[in-house]
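The values are calculated or read from the model by the stated rules, or taken from the named source; none is laboratory data. Bear in mind that the values here come from a model prediction, so they are computed numbers and not experimental data. Positions of Cβ are backbone-derived with ideal geometry, glycine not excepted, and every protein chain shown enters the neighbour counts.
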Amino acid sequence: MPAPSAASGRLLVADADPGAARALAATARELGYEAETVDSSQAALARLRDAPFDLLLADQALPEGGGPLLLREARRVDPQLVGILLAEKERLPAALAAVPGEAFDWLQKPVPPAILAAALARAQAVRRLRQEVAALQPSSALVALSRRLSGLLDEEGITEAVLEAAAAQTDADEVTLLRVEAEDSTLQVIGARGEGRAAIVGERVPSGTGPVGYVAQALEPLILHGQVQDPRIAPLRPRAEIRSTLVVPLIAEGKPVGVLTANAIRHRPFMPADLSGLETLAAIAAPALKTAQLVAALRREVARLTGAPRLPAGGLDTTR
């Protein structure tokens with residue numbers, strides 16, 4: 001058996017033959033991959049929508065349209081997914097016709113462990129490259145945000161622009177922006193989008209608690225899937241309907257000024273590329289939010305000074 005691959009990832013094997021699927025998954029696990037199996041195209045697509053996967057092995061002879069159709073539909077769920085087509089010897093001509101249209105590679109069944117190891121390593125390298133390219137490409141949402149923020153100084157306008165861009169960037173069902181309140185070590189919700197989310201605006205979260213509080217202190221982004229077991233980042237009010245969550249800090253001059261979150265409910269689970277995109281968005285938004293806070297503080301100080309009692313015309317009375 002080949003040594004475990006350093007380029008491990010998550011693999012889904014779609015094969016109507018349960019024995020063949022289990023054998024491939026077992027070999028992949030010995031190579032260091034997390035592997036699951038399904039026996040139909042419908043089951044594969046449902047699983048891809050429920051959880052993130054890096055690679056997909058699809059049997060040419062799958063019912064419901066076969067492996068090539070599954071690979072095409074799977075790329076609609078996750079454009080960075082890398083698919084490999086599996087085929088019996090007699091079906092190789094059809095499999096080859098699907099490469100490179102729908103599949104990155106093809107393998108003849110039964111697949112020797114050494115061949116599988118090499119194919120998965122190549123596919124995982126392509127997966128990482130696709131994710132890096134996607135993260136580097138400025139989306140229309142990021143370009144639009146940069147343009148809008150250049151003319152805004154008020155927190156309300158900046159918040160609206162950031163939430164709109166975050167929703168467009170991630171296609172999330174819910175997005176929320178919180179401001180760091182250094183005076184009392186809390187974070188305050190200053191904007192939220194999503195069904196019923198307007199009601200949480202104004203709420204405060206203690207720093208250091210839940211995913212948002214953790215990110216505000218650690219200044220590290222988080223991507224969470226399903227129920228969170230880690231007590232350090234467990235949500236204060238868990239919601240079973242949330243499939244996936246992104247949490248990123250907004251950092252200006254080395255200090256946190258806010259936290260941006262995105263939730264996937266009906267949307268597919270988030271991928272690392274989604275987290276990278278939201279981090280880029282947060283980096284654009286943080287200086288603008290910091291500037292808005294400084295402007296607001298300056299306006300408060302001006303109001304305080306202009307509203308103070310005026311001195312008599314003669315100045316201070318120094319005789320008393």
Do we find a residue being touching a Ser or Thr at 6+ places or on another chain (Cβ under 6 Å), buried (at least 21 other Cβ atoms within 10 Å of the Cβ) and either modelled with pLDDT under 95 or of a type in the set (Gly, Ala, Ser) (or both) anywhere in the range 61-70? yes
Subset of the range 207-223 (residues that are more than 16 Å from the chain's Cα centre (by Cα), in a helix (DSSP H, G or I) and within 12 Å of residue 234 (Cβ to Cβ)): 210, 213, 214
Top-ranked residue in the range 254-301 [being outside any strand (DSSP E or B) and in contact with a Lys or Arg (Cβ under 7 Å, 6 or more places away or on another chain); ranked as modelled with the lowest pLDDT]: 268
Tell me whether the range 273-284 contains one or more residues that are in contact (Cβ under 8 Å) with a residue 60 or more places away in the chain and over 29 Å from residue 49 (Cβ atoms). yes
Screening 13, 38 for residues that are within 19 Å of residue 126 (Cβ to Cβ) and at pLDDT 95 or above leaves only 13
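Residue-wise test of (1) β-branched (Val, Ile, Thr); (2) in a helix (DSSP H, G or I); (3) under 13 Å from residue 113 (Cα atoms).
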{"residue": "16", "(1), (2), (3)": "no, no, no"}
{"residue": "23", "(1), (2), (3)": "no, yes, yes"}
{"residue": "28", "(1), (2), (3)": "no, yes, yes"}
{"residue": "49", "(1), (2), (3)": "no, yes, no"}
{"residue": "63", "(1), (2), (3)": "no, no, no"}
{"residue": "67", "(1), (2), (3)": "no, yes, no"}
{"residue": "71", "(1), (2), (3)": "no, yes, no"}
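Within the range 174-206, take every residue that is surrounded by fewer than 18 Cβ atoms within 10 Å (Cβ to Cβ) and part of a strand (DSSP E or B) and give me the one that is modelled with the lowest pLDDT.
206
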Among 75, 148, 130, the single one that is in the same structural domain as residue 273 (by TED's automatic domain parsing), at negative phi and either at pLDDT 80 or above or surrounded by fewer than 19 Cβ atoms within 10 Å (Cβ to Cβ) (or both) is 148
Need the failing condition index for residue 165 against (1) under 17 Å from residue 283 (Cα atoms); (2) loosely packed, with under 13 Cβ neighbours inside 10 Å; (3) touching a residue at least 40 places away in the same chain (Cβ under 8 Å), just the number. (2)
